[in-house]
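Presented below is the structure to which this report refers.
The values are calculated or read from the model by the stated rules, or taken from the named source; none is laboratory data. All of these numbers come straight from a predicted model, not from anything done at the bench. Glycine gets a Cβ as well: all are built from the backbone with ideal geometry, and neighbour counts include every protein chain shown.
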Amino acid sequence: MNILSTGEKGSRHLLMGNEAIARGALEGGISVAAGYPGTPSSEIIESLAKISKDHHLYVEWSTNEKVAMEVAAAASFARLRSICVLKQNGLNVASDFLLHLAGSGVRGGMVIIPCDDPGALSSINEGDTRHFARLLEIPLLEPGDFQEAKDMTKWALELSEELQTVIMMRSVTRLSHASGSVVLGDLPEFGAKAEFRHEGFLLDPNEGIVSSAPVEIKHSQQQEKVKKAVEKFETSPFNTYTGPESPELLVITSSACNLYSREAINILDVKDRVGILKLGTTWPLPEKLVAEHLKKCEKILIVEEVIPFMEENLKMLAQELAPQIGQKTLMGKRDGYLPMVNELNPDLVINAISKILGIEYQAVPEEYATGTLQKTFFGAPVREWIFCPGCPHRASYWSINQVLKLDNNQGFVCGDIGCYTIGTLPSGFSTLKTLHSMGSGTGIASGFGKLKPFGMKQPVLSVCGDSTFFHAAMPALVNAVHNKSDITMVVLDNSGTAMTGFQPHPGLEANAEGNDAIKLDIKSVCESMGAYVKESDPFDLDNTREVLFEMLEKKDGVKVLILRQICALSPEKKGKKMFEMAVDESRCKGEKCGCNRLCTRIFRCPGLFWNKEKGTSKIDEAICAGCGICSEICPIGAISKKEVTQ
Amino acid sequence: MEILGSKELMEQVRSKGLCTTCGACVDICPYHQSHKGRIALTFDCDIAQGQCFAVCPQTEFDANELSELMFQVPFQNLPLGHYRSVKSAKATDKIIKGNFQNGGTVSALMMFALEEKWIDSAVLTGSKELVPEPVMADSSEDIAKCGTTKYMATPTLSLVNKSAREGRKKLGVVGTGCQMKASASIRSNPMNKDEYKDAIALSLGLFCTWSLDTREFLDYLKSRVGREQVISMDVPPPPAEIFVIKTENGELELPLSEIREMTQEACATCPDMTAEWADVSVGAFEGKPGWNTVIIRSQKGEEWVNAAVEAGYLVLDDLPDESLDHLIQGAGNKKKRADNAKHEEVQ
Ligand SMILES: Cc1cc2nc3c(=O)[nH]c(=O)nc-3n(C[C@H](O)[C@H](O)[C@H](O)COP(=O)(O)OP(=O)(O)OC[C@H]3O[C@@H](n4cnc5c(N)ncnc54)[C@H](O)[C@@H]3O)c2cc1C
Ligand code: SF4
Ligand code: SF4
């Protein structure tokens, strides 16, 4: 039984923020949901995909975020309601299309849901997507708790349809991934019919063509829509004030920071001194509402993540309002009361408020702080970012690293985002030397590969995952082939979007809803582009090494090596060992062997550990995934493998 | 001498361009590895004292200790190193026919040693599709296949390490001066490791003025000979100033100056022309094509040559005085050049 699908109106449930959003989308009557996997956003599409049949939905994991946006927009043009879900960087990918979509307007309600990751808990950036709302000139909403996450999604769809503009609703990790109590609403009857009308008057928003041109007309129409949105925002129930009539300090906040601010005020016990204006509609700001609250006091603290977005907009507004309401002091990130990087927490808000109010309060007593620091430092084992036991990436990087070192020409690898990002760290033998957005490794390699006339002699390699290959690496590969760049691209194909939870991609036979899908063969795709392509199993170290050497030897043009081996955590593999591994303690000479603990010092699969007492290496049965690679790493063959018959 | 580790080997030798590609450090452990004529460190190793550092011919060494070990005399800085006698020699028809560089003396001595069980295997340098590679020869046929000089630096001694790990003993090693110095160090067993005790029974040195960077020369070679089969390469005696490549289709003469450009960096400061740390050293006899110059150095070397002559593998002749003078002069010149180059480096 799935609560999202069957939960009754009025019933209360503990829902994850992303589930609340998914339920809100259902209540808002969507027909289509598209997205690209990315933490912390993935569960929204996943939850909807699971119940797509019961609710007459079309749910898709798209090839990339731009395409996802286009797929969702098509639904809207056909007068259906839709959402597009992505993580913060995804919005950059989609932004080119979005700039046009903002101008062209929509028909059926369409909401973009970017889930930001303040503190980069599972990202390598903490981009703040709210700026896109201002850039694109589209209304921005930010739910402040779990109930709002659901309710606001529904409202956003309705508002979008009414105003005929796409709307952005931004979530953050602490909202998307935490759970809270949510009272469910009604699910609508489905029966929406798709039709794209295009034969009416050219500029007719419902019957004409959908385009952002003529720009002057469309742009001013867009600004009109935004003005209308502000009118709605003035009375929106998502903007709330709690606190005394005339507070000493007004906290203006949004999103998860609402929860931190509430907690801070509770802990400081200053409910009668500090008021909270929680805004759910954060761009453009509802001017009248803000003015009314600014009037209440002289000091205002803005609490938000990550960069001072609301703060800047509020300061601008406060300046415009100054003749009416007087000059106010707005505090926040720009003056250092709160940090401009990383996520916030109640302690940081406590610090800011107590400083402003002159309260002696240390959020974390020093003794406690140093005590816990010491305890965690000495007590908890060091946990680094490492590849899982049996991870094919470890084997792939082993080969790539060895070949580049032996080739001895200072060759290097350009990488991008995926589990294989760990290739920058010791677990991937520090093999990756550049690390940027999806597909960028190959694009950067393509550029490096053209620098021979400037004296560059180093071999240039790139890596990308199978999902990334389709997402953004293909254009880079086309570029490299077309421009005769000299590169070797290694596709680390672990047959799924492993990092975000095995979502399907175009290289697989199933789609988001689990149905039959057409599988695109990466090898054929590369070959048809004109690249020299080989495949190898990364667990076959000898063959992989040989092919890599061959590719480096073939100096000119684009070479692609597909290293295919299913992720160790994939549902097919999980818990099944290929080999039973054992260290022959009589052969492992430990410290006396010249290997200087190659297996546990360099190769470092967590399935192996150093038995200090015996001075030998040992297999950790519980952790070893039975991939068998370490038996080939050990120079004296002290690690044996026995095939497991299944 | 203080024995240090891999880190210091990298700092003192490899990163300074002083590695001669001898191969003595290769395959001891998983860290020093070779590929196509170049030695690489695959991962850092932090062991404080290593066989790699201990046997590298380019780290500091105690010449007296090594001289006592090999020749039972203190070290004297002579142009030709320590020797008992210098002769000319060539192989006889008794040995298996092969494509030999000069008189086939090297091959004949190794065949004798193997057949008469002075050694169990020979560590030689063969080639595969032009790329020189270390070869473990277990029969005279194998030895014959390794004939002719590959003028490219090859990590031949890596095979000594591999065999030691496999428990092999009594190897006969053929190599250039730097390789002989490393072999002598291996014989001194500085780390006192069982696997290296008596690992090398005989060392046969080759005269050497320079060795080419394998990768550079291979690219050059391919551009000159294309797909033709290379039969041999030779540097005819001065004043010819040419490098001759014999292929299936005839001979190609190339300017020696062009070839010398490709010399590996370390050779510039090498003072050893006649492989001073070997039991026996062999070079071309410049006055007499088809013959070798042979420097008999150790007692064991003398016994070895005499036994090979007695058994009919080899014929010996005296070396004319002017040839010896010429050799001494040549060897002295190499030492001077090396000294100057070292000086330049310092400045
Ligand atoms: C790099 C190099 C430079 C040389 N320079 C000179 C010189 O300047 N003057 C001179 O008189 N002689 C020089 N020699 C020696 C000479 O070329 C002959 O090897 C020697 O005269 C023995 O002749 P042979 O007929 O007995 O050899 P063969 O019986 O043909 O045997 C040749 C032996 O050389 C070994 N060999 C071949 N290539 C290499 C290599 N790259 N590294 C180590 N061992 C190898 C093989 O293992 C083989 O056993 C040089 C040799 C080398 C390898
Ligand atoms: S000279 Fe020989 S022992 Fe020294 S670093 Fe080079 S290959 Fe290793
Ligand atoms: S010149 Fe010296 S260092 Fe160079 S290969 Fe010959 S013996 Fe070795």
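Whether any residue in region A:598-615 is over 15 Å from A:Pro389 (Cβ atoms) and crowded, with 21+ Cβ neighbours inside 10 Å is what I want to check. Yes; the residues of region A:598-615 include at least one that is over 15 Å from A:Pro389 (Cβ atoms) and crowded, with 21+ Cβ neighbours inside 10 Å.
Looking at region B:167-182, is at least one residue surrounded by fewer than 19 Cβ atoms within 10 Å (Cβ to Cβ), among the aliphatic types (A, V, I, L, M), more than 13 Å from ligand 3 (Cβ to nearest atom) and more than 13 Å from the chain's Cα centre (by Cα)? Walk me through how you get there before you give the answer.
Looking only at region B:167-182, we keep the residues that are surrounded by fewer than 19 Cβ atoms within 10 Å (Cβ to Cβ), and these are B:167-170.
Filter once more, keeping what is among the aliphatic types (A, V, I, L, M): none.
No: region B:167-182 contains no residue that is surrounded by fewer than 19 Cβ atoms within 10 Å (Cβ to Cβ), among the aliphatic types (A, V, I, L, M), more than 13 Å from ligand 3 (Cβ to nearest atom) and more than 13 Å from the chain's Cα centre (by Cα).
Only a single item in (1) free of Cβ contacts under 8 Å to residues at least 60 places away in the same chain; (2) surrounded by 13 or more Cβ atoms within 10 Å (Cβ to Cβ); (3) over 30 Å from B:Thr42 (Cβ atoms) is not met by A:Glu360, and it is number (2). Determine whether region B:59-70 contains at least one residue that is crowded, with 24+ Cβ neighbours inside 10 Å, within 14 Å of chain A (Cβ to nearest Cβ) and at pLDDT 95 or above. No: region B:59-70 contains no residue that is crowded, with 24+ Cβ neighbours inside 10 Å, within 14 Å of chain A (Cβ to nearest Cβ) and at pLDDT 95 or above. For region B:156-189, a residue qualifies if it is more than 12 Å from ligand 2 (Cβ to nearest atom), more than 14 Å from chain A (Cβ to nearest Cβ) and not in a helix (DSSP H, G or I), and the qualifying residues are B:Arg168, B:Lys169, B:Lys170, B:Leu171, B:Gly172, B:Val173, B:Val174, B:Asn189.
Scanning region B:1-25 for residues that are part of a loop (DSSP other than H, G, I, E, B) and either surrounded by fewer than 23 Cβ atoms within 10 Å (Cβ to Cβ) or among the charged types (D, E, K, R) (or both) yields a total of 8.
Checking every residue in region B:192-199 against the condition of being more than 11 Å from ligand 3 (Cβ to nearest atom), over 19 Å from B:Thr59 (Cβ atoms) and within 14 Å of chain A (Cβ to nearest Cβ) gives at least one match.
Would you say A:Ser586 is more than 14 Å from every other protein chain (Cβ to nearest Cβ), over 35 Å from the mean Cα position of the chain (by Cα) and outside any strand (DSSP E or B)? Outline the logic, then answer.
Values: more than 14 Å from every other protein chain (Cβ to nearest Cβ): yes; over 35 Å from the mean Cα position of the chain (by Cα): yes; outside any strand (DSSP E or B): yes.
Yes; evaluated as a whole, the condition is true for this residue.
Of all the numbered requirements in (1) within 14 Å of another protein chain (Cβ to nearest Cβ); (2) buried (at least 19 other Cβ atoms within 10 Å of the Cβ); (3) within 16 Å of ligand 1 (Cβ to nearest atom); (4) not acidic (Asp, Glu), B:Lys36 misses one, and that requirement is (2).
Here B:Ile328, B:Ile296 are screened, and the one residue that is touching a Lys or Arg at 6+ places or on another chain (Cβ under 6 Å), more than 21 Å from B:Pro57 (Cα to Cα) and either β-branched (Val, Ile, Thr) or without any contact (Cβ under 8 Å) to a residue 12 or more places away in the chain (or both) is B:Ile296. Number of residues in region B:175-192 that are hydrophobic (A, V, I, L, M, F, W, C) and away from ligand 1 (no atom under 16 Å from the Cβ): the value is 1.
The set of residues in region B:111-145 being within 14 Å of the chain's Cα centre (by Cα) and in contact (Cβ under 8 Å) with a residue 40 or more places away in the chain consists of B:Ala122, B:Val123, B:Leu124, B:Thr125, B:Pro132, B:Pro134. Within this structure, B:Ile28 fails the test of being over 18 Å from A:Arg597 (Cα atoms), touching a Lys or Arg at 6+ places or on another chain (Cβ under 9 Å), within 12 Å of chain A (Cβ to nearest Cβ) and surrounded by 22 or more Cβ atoms within 10 Å (Cβ to Cβ). Residue-level check: of (1) within 14 Å of chain B (Cβ to nearest Cβ); (2) within 30 Å of B:Gln49 (Cβ to Cβ); (3) touching a residue at least 24 places away in the same chain (Cβ under 8 Å), A:Leu552 misses just (2). Of everything in region B:206-227, what is away from ligand 1 (no atom under 12 Å from the Cβ) and either outside any loop (DSSP other than H, G, I, E, B) or in contact with an Asp or Glu (Cβ under 6 Å, 6 or more places away or on another chain) (or both)? Give them in sequence order. Across region B:206-227, the qualifying residues are B:Arg215, B:Glu216, B:Leu218, B:Asp219, B:Tyr220, B:Leu221, B:Lys222, B:Ser223, B:Arg224, B:Val225. On inspection, B:Leu159 passes the criterion of being out of contact with any helix residue (DSSP H, G or I) (no Cβ under 8 Å at 6 or more places or on another chain), hydrophobic (A, V, I, L, M, F, W, C) and closer than 30 Å to A:Lys592 by Cα.
B:Gly226 meets the conditions (1) away from ligand 2 (no atom under 15 Å from the Cβ); (2) under 28 Å from B:Ile143 (Cα atoms); (3) within 14 Å of chain A (Cβ to nearest Cβ); (4) among the small types (Gly, Ala, Ser) in every case but one. The failed one is (3).
Listed by position, the strands (runs of 3 or more DSSP E) contained in region B:269-347 that have at least 1 residues being acidic (Asp, Glu) are B:314-318. Exactly one residue out of A:Leu541, A:Leu598, A:Leu563 is within 13 Å of another protein chain (Cβ to nearest Cβ) and modelled with pLDDT of 95 or more, and it is A:Leu541. Looking at B:Gln49, B:Gln58, just one residue is more than 9 Å from ligand 2 (Cβ to nearest atom), touching a residue at least 24 places away in the same chain (Cβ under 8 Å) and of a type in the set (S, T, N, Q), and that residue is B:Gln49.
Within region B:152-163, can you find the residues that are buried (at least 23 other Cβ atoms within 10 Å of the Cβ) and either more than 11 Å from the chain's Cα centre (by Cα) or not small (Gly, Ala, Ser) (or both)?
Within region B:152-163, B:Met152, B:Thr154, B:Pro155, B:Thr156, B:Leu157, B:Ser158, B:Leu159, B:Val160, B:Asn161 qualify.
Taken as a whole, region A:409-419 holds at least one residue that is away from chain B (no Cβ under 14 Å) and surrounded by fewer than 23 Cβ atoms within 10 Å (Cβ to Cβ). Quick check, is B:Ala153 within 16 Å of ligand 3 (Cβ to nearest atom), within 14 Å of chain A (Cβ to nearest Cβ) and within 30 Å of B:His326 (Cβ to Cβ)? It is true that B:Ala153 is within 16 Å of ligand 3 (Cβ to nearest atom), within 14 Å of chain A (Cβ to nearest Cβ) and within 30 Å of B:His326 (Cβ to Cβ).
Can you work out which of the residues in region A:621-646 that are away from chain B (no Cβ under 14 Å), touching a residue at least 40 places away in the same chain (Cβ under 8 Å) and in a loop (DSSP other than H, G, I, E, B) is surrounded by the fewest Cβ atoms within 10 Å (Cβ to Cβ)? Among those residues, the one meeting the criterion is A:Gln646. Filtering A:Glu591, A:Glu572, A:Glu546 for residues that are closer than 20 Å to A:Cys419 by Cα and among the acidic types (Asp, Glu) leaves a single hit, A:Glu572. On inspection, B:Gly104 passes the criterion of being near ligand 1 (Cβ under 9 Å from one of its atoms) and under 18 Å from B:Leu202 (Cβ atoms).
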